[in-house]
Amino acid sequence: MKENNGRIPSGILNRVAKPGRYTGGEYHQILKDKAKVRCRFAFVFPDVYEIGMSNLGVRILYHSLNAEEGVWCERAYTPWPDMQEQMRQCRLPMTAQESGDPLGSFDIVGFTLQYELCYTNVLATLLLADIPLRSSERRESDPIVIGGGPCSYNPEPIADFFDIFSIGEGEEALPELCRLYMRMKEDGTYSRENFLHAAARIPGFYVPSLYAVHYREDGRIQSFSRLYEDIPDKIEKRIIADMDHAPYPEEPVVPYIETVHDRVLLEVYRGCIRGCRFCQAGMVYRPIREKSPKTLCRQARCLYESTGYDEISLISLSISDYSQLSELTDRLLEWTDDAHVSLSLPSLRVDSFTEELMQKISTVRTGGLTFAPEAGTQRLRDAINKNVEEEDLLRAVNIAFSAGKSSVKLYFMLGLPTERYEDLDGIAELADKVVSAYYRNPDRNRAKAVTVTVSVACFIPKPMTPFQWEAQNDIQTLEKKQQYLKEKITNKHVRYHYHDARVSQIEAVFARGDRRLAAALELAAKEGVMFDAWDEYFSYERWQDIFRRTGIDPAFYANREFGEDEILPWDHIDCGVSRGYLAREREKAYRNQTTPSCAEHCNGCGANRLGGKNRWCK
Amino acid sequence: MVQMNQTPTQETPRPLRIRFRKIGALQYISHLDLMRTMTRALVRAGLPVRYTSGYNPKPHLVFSAPLPVGAESTKEYLDIAVTAPVDLSAALTALNRSLPAELSADAIYTPEWKFSEIAYARYEITIHTNGANAEQAELCNRLLHQKPLMVRKMTKSGERDTDVSASVASCEAFFREEGGEIFLSLVLRADGGNFLKPDYLIGYLKSGAGILSGSPAEEFCKVMRKGFLTEESVEFD
Ligand code: SF4
């Protein structure tokens, strides 16, 4: 355990909010002898500490990088603006959490890219670290800057700022990259250029500077081509073949200050059998690979003993689709109740919400209940392939009401492809039906009035989904629909929240953007734009201004229907699911036709060709 | 994780006191963070801690007077109760294996005194300020001995000047050549309703003696709590 070496002067720590964000020294942090380290890796989560510390991907990769001989991986988080201000005034560089050494002195600086709105934070962090923003401006002595995570399925808007992207699952790929780095440093073949070229030949690594894009006059892509014959045209994502034998952090870093997910995160499986047509995660994490209950029980016990957490969260995209959920929960409950440990299932579907689960899982019993019908009518739910029926929802809420609950939250999406006004009416009607279900339920809590919260997000077309070609509704249309729904919701038991359409448009721009957006991001960063994911820092007017000054039309990216014959900015990234499958799924959406889940039969999405110990794929 | 005797027993829980330090990086975590951290450390150590009853049982922890964020301490106290007999020295070893060094425990024992017997806290404060000298230290000394001693307190209704001289049992300020710093030795009231935070006195000296006005990277003060005294000025333990 490190003693605080006083690297951040206490005068500064005493002036910023939550100084515990910056002091490090957490239980289970990993320290290494610098003399024996040949590759220093700084893993940056480009948002505030409390969010970054909660991320499962970071926990896993921190562990697998540090398991590698000669590699020391440390953590870093974007300092909150109050701290950045102090750092600028006192000329303190951006440092890593464990050693307190400046990021600029590391061999490799990796960013996990979880959402588009963190892009300005990536650049703000590089600026604080005094690392040149663009890959082309970096000198031999600067770190290699690498990105990964969900946003790397369309890395193009930030391609100019990264030397390398890791596509897909990184727990084997990143140590491999470090090994290449150490080998080239040792045998004297290392130079930035040689290393990047060699990295581009390892499966799963995309080096944007080795690919050239040309645009047509109308702004669409003319061609995308590699600069060398020995690097792939398409970069296929990496996967972990066998989840039971994958590295998993059994001694995760335990934070002192409260974080968003301050509990054991037990990853149960990867992938999703459902195939909702708007959902990127459901596509890009395929094929479906489960861990066995045996592995999970061992890991759960181990994690509990090493952390002392009192909650275990079962992580997956849809926990009820785990083929052995009953066995797993039964075996965990054999000891968790006595140890005062609660289980939480954050991704429950309505059709699997049962009385049994409600009784078994204390957080289901005590916590708030959230269901995601996503659309207001069966027609639209079929079109988006959200295989949930009204009856399922009403059955689920009745179980909850009978058990004494008096509030539920319902998630919907607005602006979905094929949406009509009657689908919005459907949202209001569905909420009404939930309210009446409460008052018709003889076992309800008679002392309480019901509250149904309707939370409505805006549809954002995401790469690698059947809806990747779809236009997002423009802001006026989205706002008109939001207002329309507001007027439709008259029931006094229903609360209505909706997302800012302007934020959703910016997200859509960066989700489907190409390399030309780099100019806007660079200008934004230099003008101090950051923390866009935080309401208090997001400014639409400023983004409009930045787009105008850099000659970018946001509608071209967000509100335009992309042609199926068009080269998409992310076409060179291969997530396993084929473009043909996505196009077929889109066609089915127009016919309101559903696709059965992978548990019923394989629909030939293509992800099975990546191999691995799959659960359902043929 | 040591396996203590975990067989449920009907015997009455036995109270235990843990004396620990909170120094270095750990001075920056809040009281709530400390509670969470200690809870988890006790679980990791496998001590048979008594849980609260009710809806959401948690280990039953009682701390002595909270320490302000940004202050260190060599003597903090935490009372727990165990539901089965434990070997005290094995428990101390297990607990320290589960705690970061900057929060390590120095002793586990059966308490004799109650927290309600705490009357005063002792503090040592070093002030690193540009051009610190003996005159400045003397000025601080004079300011601290003033009666009434009017400090600015934040209350719900805004800032208010309050006389805190009754809460300062003893104080001394002098200049320390070697560190070029002003050193304060304070004994302040620390019982429930009368708790005086040393920050108030630092703020008072800041405006009164014009110290600590420069860049926070160079000018700062370190607060170290050195334990508690009873009303009779006996060292609490
Ligand atoms: S290959 Fe078949 S079973 Fe596997 S994810 Fe794709 S559609 Fe589902």
- Out of B:83, B:52, B:74, any idea which swings most in a Gaussian network model of chain B, alpha carbons joined below 10 Å? B:52
- Quantify, in whole percent, the carbon and sulfur part of the accessible surface of chain A (1.4 Å probe; protein heavy atoms only). 48
- Query: With the other protein chains left in place, how much accessible area per residue, in square angstrom, belongs to region A:126-213 at a 1.4 angstrom probe?
  - Reply: 31
- Task: Assign unit charges at the C-beta atoms only (+1 for Lys and Arg, -1 for Asp and Glu), then state the dipole size of chain A relative to its Cα centre in Debye, rounded to the nearest 20.
- Result: 520
- Item | Residues in region B:200-225 that, when all protein chains are in place, have 40 Å² or more less accessible area than the chain alone would give (probe 1.4 Å) | B:216, B:217
- Phi angles of region A:332-338, converted by Karplus (6.51 cos²θ - 1.76 cosθ + 1.60, θ = phi - 60°) into ³J(HN,Hα) in whole Hz with x for Gly and Pro, give 5, 5, 4, 10, 5, 4, 5
- Item | Whole-percent carbon and sulfur share, accessible surface of region B:117-229, 1.4 Å | 47
- Item | Note, ³J(HN,Hα) from phi for region A:580-593, Karplus 6.51, -1.76, 1.60, rounded to Hz, x at Gly and Pro | x, 4, 4, 5, 4, 5, 5, 4, 5, 4, 5, 9, 6, 9
- Query: Principal axis lengths of region B:117-229 from Cα atoms, whole Å, largest first?
  - Reply: 38, 32, 27
- What whole number of Å gives the distance from the Cα centroid of region B:121-172 to the Cα centroid of region A:166-220? 60
- Query: Using the per-residue mean of other Cβ atoms lying within 10 Å as a proxy for protection, in what order, highest first, do the peptides B:19-30, A:493-504 fall?
  - Reply: B:19-30, A:493-504
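Per residue of A:198-206, how many C-beta atoms from partner chains lie within 10 Å of its own C-beta, taken as a mean? Intermediate results must be reported in sequence, preceding the final value.
Working: counts 0, 0, 0, 0, 0, 0, 0, 0, 0.
Mean partner shielding for this stretch: 0.
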- So the pair-distance distribution of the protein assembly as shown, from every Cα-Cα distance in 10 Å bins, comes to percents of 2, 11, 19, 22, 21, 15, 8, 2, 0
- Message: Rounding to the nearest 10 and keeping the result within 0 to 90°, find how far the Cα-based axis of helix A:540-549 lies from the longest principal axis of chain A.
- Response: 50
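With charges set only on the Cβ (+1 for Lys and Arg, -1 for Asp and Glu), what does the dipole of region A:448-548 come to about its Cα centre, in debye to the nearest 20?
On the way: 15 positive and 14 negative charges, 98 e Å.
In debye, rounded to 20, region A:448-548 gives about 480.
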- Note on the structure: GluC sites (Glu not before Pro) in region A:491-530 lying in a DSSP loop, each with at most 16 other Cβ atoms within 10 Å of its Cβ, come to A:527
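What is the mean number of Cβ atoms from other protein chains located within 10 Å of the Cβ atom of each residue in peptide A:16-23, rounded to a whole number? Could the numbers behind the result be given before it?
Details: counts 2, 0, 5, 7, 8, 1, 2, 7.
Across the residues of A:16-23, the mean count of other-chain Cβ atoms within 10 Å is 4.
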- Mind checking how much accessible area A and B bury in total, 1.4 Å probe, in Å² rounded to 100? 2700
- Note on the structure: For chain A, the longest principal axis of the Cα atoms and the Cα long axis of helix A:475-488 enclose an angle in degrees, to the nearest 10, of 30
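Rank-order A:291-298, A:209-216 by packing density, defined as the average count of other C-beta atoms within 10 Å over each peptide's residues, highest first. It would help to have the intermediate numbers written out before the result.
Details: A:291-298: 18.5, A:209-216: 14.9.
By packing density, highest mean first, the sequence is A:291-298, A:209-216.
Which of the three applies to region A:352-466, rounded, prolate or oblate, going by the alpha-carbon gyration tensor with a ≥ b ≥ c and a/c under 1.5 meaning rounded? Kindly include the intermediate steps, with their values, before the conclusion.
Working: a/c = 2.31, a/b = 1.72, b/c = 1.35.
Because a/c hits 1.5 or more and a/b exceeds b/c, region A:352-466 counts as prolate.
Can you show me the helix-derived [θ] at 222 nm for chain B, built from DSSP H runs with n ≥ 4 at -39,500 (n - 2.57) apiece and divided by the number of residues, rounded to the nearest 500.
On the way: 4 runs with 49 residues, N = 237.
Roughly -6500 deg cm²/dmol at 222 nm, from the helical runs in chain B.
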- How many partner chain Cβ atoms sit within 10 Å of a residue's Cβ in peptide B:36-46, on average, as a whole number? 5
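The values are calculated or read from the model by the stated rules, or taken from the named source; none is laboratory data. None of the values given here were measured: they were computed from a predicted structure. Cβ atoms come from the backbone with ideal geometry, glycine included; neighbour counts cover every protein chain shown. In case anyone asks, the SASA skips ligands and DNA or RNA and just uses the protein heavy atoms, side chains included. Shrake-Rupley method; radii C 1.70, N 1.55, O 1.52, S 1.80 Å.
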